[in-house]
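The values are calculated or read from the model by the stated rules, or taken from the named source; none is laboratory data. Bear in mind that the values here come from a model prediction, so they are computed numbers and not experimental data. Note that we place each Cβ from the backbone using ideal geometry, even for glycine, and neighbour counts take in every protein chain shown. The accessibility values were calculated without ligands, DNA or RNA, using every heavy atom of the protein model including side chains. Shrake-Rupley method; radii C 1.70, N 1.55, O 1.52, S 1.80 Å.
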Amino acid sequence: MMSGDLVAVWDVALSDGVHRIEFEHGTTTGKRVIYIDGKEVIRRDWMFKLVGKETFHVGGTNTKATINIDAVSGFAYEYTLEINGQSLKKYMENRSKVTSTWLLNLDGIDCRVVLGKEYLVTGSSNKYVIFQWSVMKFSLSFPQPVQYIQYSCSLKC
């Protein structure tokens, strides 16, 4: 159960879905609690060091995440999230360069299609996007088990 010490919330889009990361920080006790998708994953009570880092993993791919806690003045703090060693903003920018993501609603079921991109550069400056339809780079995430769905669709970049 979250307390009144909630100081930061991030929504992080990974290949297996969007994950909500919530962070509680007790600015007098140093308490740190991290929730991922509403589930508590780390709790540290009575830490004497009020600033620092908390590293943990997110999602089915165990993506490395780090929350940085920095003092800005007095008892004011700044909280930043890093994914795979990059700021969240930089991670999302890089991710959008190498993947395309579509959110689809199929018969009332929300799902997400993530395709990996590779660029083929010819002798000129033209770039062609090649989508990899392999198991490693193609994923559908469903909020519940799905029996069988057959759809024909075209996706535009």
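Numerical summary
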quantity: Matching residues in the range 2-22 - criterion: being without any contact (Cβ under 8 Å) to a residue 60 or more places away in the chain, surrounded by 15 or more Cβ atoms within 10 Å (Cβ to Cβ) and outside any strand (DSSP E or B); calculated: Asp5
quantity: Lys39 vs. criteria more than 24 Å from Arg112 (Cβ to Cβ) and open to solvent by 70 Å² or more (accessible area, probe 1.4 Å); calculated: no
quantity: Verdict on Ile149 being of a type in the set (Val, Ile, Thr), at pLDDT below 70, part of a strand (DSSP E or B) and farther than 30 Å from Thr28 by Cα; calculated: no
quantity: Tabulated pairs, the range 100-127, first more than 16 Å from Val18 (Cβ to Cβ), second open to solvent by 40 Å² or more (accessible area, probe 1.4 Å) and modelled with pLDDT of 60 or more, C-beta under 7 angstrom, 6+ apart or interchain; calculated: Gly116/Val98; Lys117/Val98
